[in-house]
1. Select the helices (runs of 4 or more DSSP H) contained entirely in the stretch B:413-506, then report the ones holding at least 3 residues which are more than 14 Å from chain A (Cβ to nearest Cβ).
2. Would you confirm whether any residue within the stretch B:444-460 is under 18 Å from the mean Cα position of the chain (by Cα), touching a residue at least 60 places away in the same chain (Cβ under 8 Å) and surrounded by fewer than 23 Cβ atoms within 10 Å (Cβ to Cβ)?
3. Is it the case that the stretch A:21-31 has a residue that's at pLDDT 90 or above, near ligand 1 (Cβ under 8 Å from one of its atoms) and closer than 19 Å to A:MET219 by Cβ?
4. Which number in (1) away from ligand 2 (no atom under 16 Å from the Cβ); (2) facing chain B (nearest Cβ under 8 Å); (3) surrounded by 24 or more Cβ atoms within 10 Å (Cβ to Cβ) marks the one condition that A:VAL105 misses?
5. Kindly establish whether B:LEU475 is within 19 Å of B:PHE432 (Cβ to Cβ) and either surrounded by fewer than 23 Cβ atoms within 10 Å (Cβ to Cβ) or basic (Lys, Arg) (or both).
6. Go through (1) within 16 Å of ligand 2 (Cβ to nearest atom); (2) modelled with pLDDT of 90 or more for A:LEU57 and report which single condition fails.
7. May I ask you to list the residues in the stretch B:340-356 that are surrounded by 21 or more Cβ atoms within 10 Å (Cβ to Cβ) and in contact with a Cys (Cβ under 9 Å, 6 or more places away or on another chain)?
8. Please verify whether the stretch A:162-173 includes one or more residues that are among the small types (Gly, Ala, Ser) and either within 16 Å of ligand 1 (Cβ to nearest atom) or under 18 Å from A:SER2 (Cβ atoms) (or both).
Amino acid sequence: MSAVTVRNLEHHYQSKKNRDRPQVDNVSFDVNSGEMFVLLGPSGCGKTTILRCIAGLIRPSSGEIAIDGKTVAGPTKFVPTYRRDIGLVFQDYAVWPHMTVFENVAFPLRHGSAKKLRRNEIRDQVMASLEMVKLEKYATRDATALSGGQQQRVALARALVREPAVLLLDEPLSNLDAALREQMRHELRQIQQRIRITTLFVTHDQSEALSMATRIGLMRDGVLEEVTTPRDLYQAPKSQHAASAAGAAVFYEGTVEAVEDDGMQRSARVGTPVGRLQARTLGPVQVGQTVTVAVRPEDIEVHPAPPTDRPNVLAAKITSVLFLGPSVDVRLEVAGHTMRSTRPAKGWTQVEDDSAYVELPVDRVHILPA
Amino acid sequence: MTTLTPVAPPTGEAHVRPAPRPGVGRRIGAFAQRQWLALLVTLILFYLIAGPVGMLVASSFQQTGLSLPFGPTARWTTQNYSDVFTSSKTWSVMGDTLAYALGALVLATVCSIGAAWLIERTNVPARRLLYVIVVTGIGIPGLVYGISWNLLLNTNNGVINQGFSAVGLPQFNIQSLPGMILVEGIRMTPLMFLLVSAAIRQMDGTMEDAAAASGARPLTTMRKVTIPLLLPAMAAAAIYQFVTAIEAVDVPLILGLPGHITVLSTQVYLEVHPAIGVADYGVSSTYGMLLLVLAAGPLLAYQRLISKSSRFATVTGKAYRPRRIQLRRWRWPAFLVMVCYGIVTFAAPLLVMIWASTQPYFSGFSWEGVHRFTLDAYRSVFDSPNFTNALWHTLVIGVLTALFTMLLSLLSSWVIVRSRSRTTALLDFLVFAPHLIPSVIVGLAIVLIYLVVPVGLYGTIWIVVLAMVTRQIALGTRITTPGIAQIHASLEEAGAASGAPPWVVWWKILLPLLRPVIANGTLMIFVAVAQNLTLALMLVAPGNSVLATEIYNFWDQGDVASSMAMSVILTAVTATAATLLRGGERDAL
Ligand SMILES: Nc1ncnc2c1ncn2[C@@H]1O[C@H](COP(=O)(O)OP(=O)(O)OP(=O)(O)O)[C@@H](O)[C@H]1O
Ligand SMILES: [Mg+2]
């Protein structure tokens, strides 16, 4: 059963300028019980707006939302935030500065529960929640006497302590520095896996989405374009936007010259400005059709000498090499066009102005509808 | 069990009922609370403000001769206006009002900018002490200040004038226009200083450094960067103070009346409290209209400046402080000038007040006077039930006004800050509008309303509380709006997301976080109310006299000692409250 159901959600902010174009446009999706659903999209595409609609902080212009099977927003119904079974973590933590860590986490139990809990029940649940985020030693601290990462953990513990039907996270890691973000990503994922809490996570960070999500909802300009798994989004993107949302990619326009279908797999030969390329395709394509071909830099191989008996090998010249530590970022010129490749730094020897051969493995070249 | 239909297939038709378009009817539910609150607050404010203004306008068109406006013999007329505009007196009153207000403003501006510059931007010694010296004057009520200066500088037995005569200098007559300007100017300086120094302190030092790094010399930097950046704040402070100067009757009554100098505020007051004859409410209201117009222009300009000056916002919280100018050998002379300023403007009035309260009759300062020292005045004051009542009323009115004003201010500010609806623009204007209505007019109009509409409020302390709340709401929201804006909305939303209903969010999150703001706001309003003679004098009846009116009455009857004994007590009350204010929030003014 799905824990959150969103149907035909639409929202206009009440402002004269953007009357005609809703900030959230007819969005429908389900979040299944126990999964980590990520809404991914560029800044300003309406992710936060959807999240706030689900939390009840905004009343949507139209559409329906249900949490745990109970309608919370609809044409004639609107349940205020405090009566929704949710936990919410904000980008800016929103830890109450006038309370201790313990009081912050105890708040939902003291003031948010329908049933009165006894003191020791509250203490046990709060401490369990704090242990989960590894803050049990800080219970009596003032909430302001914590680092950013610790405050974020307090916010998480506070959102989890009521054991809500759904946990809503709005870019919870974006205020943390890179190293801490990495670590929190793991912890958040672990906690979510352990207690199997249904989670809706909003972010514009592709690696965050790919690494944490069970499923990803890809958003653009207020529209939910597709819902896929991280693996499919990365390995078999359905559109140019989807391909770039899951990481850097190079794109070439081309014309289909031939189509082969061996019954198992379908592949096509595409004439592109850099040369003729063999590619796998998921959807139907016709000879003469204009398509876009996408390849990820980490999939493009670079050889000093031409490999024999392999398709999609093109002559190239190295124009620049950037050393990034574990890898090198190589720019090449192929038939007057720039191509980019990321290779392991170990064993890399070539330098600028060397000539080279690039290989685009057939099953890594994606054909997208132009 | 879900009440929702399954996801519609991409090509198929959605099985969901088409949702209604956004409209008025569907705005019920969660936001209803917020909107009801906005409506309620708007209505209360509208009642508080539109009532007096409407009454003033209406009664200025009433021939009231011997009765109240709308009384049995009253009728509609434009007679009041033709009387007022054809009277040559009107124009001399207007002239004196402008000269008085502008003169005081210039004096206060010069003093406060000088002091603020020394304290905030130079290395003058003991800056904290100097800050306190300049600011402490806020604790002395204008009324008391006026009387003290009269005792210092009247031509009959003024203490300082006695000194001037002793060394062969000409005397200065305080009961004159220059005298009134002097007293009002230095009375306004502390508040002006707070406004100006806050602006200077908030300026980001990197702005000046950037000019210097671009090759501008210090004077060019000052002319092209510092002054333009500070100008909006300074102009706003000046306009705010202009209204303060024209609205109050305290200094003009005490220093102007004996010298036959009348300004608009005293004119309004005298028409309803004539020395002989009966009150003429119609003519008084017409003078009130003139005052309203005089206040409205600058204040509308002020409102525009305030909203525009956000463009100049140089407040960044962590703003890095500008470097201080090294005064070198002028450090100590500058310090001495400031100390002298403190002695003249604060210590001298305070000392003469204490001195006069211990003299059986005031005759300036003399060594014989020391032997006449007596506490009789205090004894008789404390024995008098009138005083006990007045003290009690002052405290009750002060506390009630402060609490009601803060409650209303908090609710209005919350609606203004937290919602972006169309009503908030109106609300924004309504909380600011009381600035437009000088105290003397609020007093007059409210007297009229409750004389004409007999609901039993006239002569009670409630009518004073009502008038004071009306007058103080603008100050209240000036404190609470930035206070609430500082509290990020997500702190409230986190409360709602934790399952806490709105009242719990207010009680457990908002109010505790706002505690310093509420404490300071309450104190500031209490001080302003306790010091306010103008409203009290307009609304006073035997049953609701306050300390300020008692002080004025004793002074008016020539009982200097009792008047000054009460002044010492009132000053002790307000100065104590003022010193409880905490640094940061004082800047909200
Ligand atoms: N209160 C508001 N009033 C009017 N427009 C708004 C308001 N809040 C957001 N918008 C607009 O709605 C659109 C969606 O905003 P939203 O905050 O949902 O974006 P987002 O996807 O969360 O972006 P980000 O990744 O930057 O947080 C934006 O174009 C924004 O300008
Ligand atoms: Mg967002």
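The values are calculated or read from the model by the stated rules, or taken from the named source; none is laboratory data. Please read all numbers here as calculations on a predicted model, not as lab measurements. Note that we place each Cβ from the backbone using ideal geometry, even for glycine, and neighbour counts take in every protein chain shown.
1. Numbers: elements: B:423-432, B:439-452, B:461-485, B:489-497, B:502-505.
Here the list reads B:423-432, B:439-452, B:461-485.
2. For the stretch B:444-460, residues under 18 Å from the mean Cα position of the chain (by Cα), touching a residue at least 60 places away in the same chain (Cβ under 8 Å) and surrounded by fewer than 23 Cβ atoms within 10 Å (Cβ to Cβ): absent.
3. Within the stretch A:21-31 (the criterion being at pLDDT 90 or above, near ligand 1 (Cβ under 8 Å from one of its atoms) and closer than 19 Å to A:MET219 by Cβ), the answer is yes, since at least one residue qualifies.
4. (2)
5. Details: within 19 Å of B:PHE432 (Cβ to Cβ): yes; either surrounded by fewer than 23 Cβ atoms within 10 Å (Cβ to Cβ) or basic (Lys, Arg) (or both): yes.
Considered against the rule, which asks whether it is within 19 Å of B:PHE432 (Cβ to Cβ) and either surrounded by fewer than 23 Cβ atoms within 10 Å (Cβ to Cβ) or basic (Lys, Arg) (or both), B:LEU475 comes out as yes.
6. In the conditions (1) within 16 Å of ligand 2 (Cβ to nearest atom); (2) modelled with pLDDT of 90 or more, A:LEU57 misses (2) alone.
7. B:THR345
8. Within the stretch A:162-173, the subset among the small types (Gly, Ala, Ser) is A:165.
With the extra rule that they be either within 16 Å of ligand 1 (Cβ to nearest atom) or under 18 Å from A:SER2 (Cβ atoms) (or both), the set shrinks to A:165.
Scanning the stretch A:162-173, I find at least one residue that is among the small types (Gly, Ala, Ser) and either within 16 Å of ligand 1 (Cβ to nearest atom) or under 18 Å from A:SER2 (Cβ atoms) (or both), so the answer is yes.
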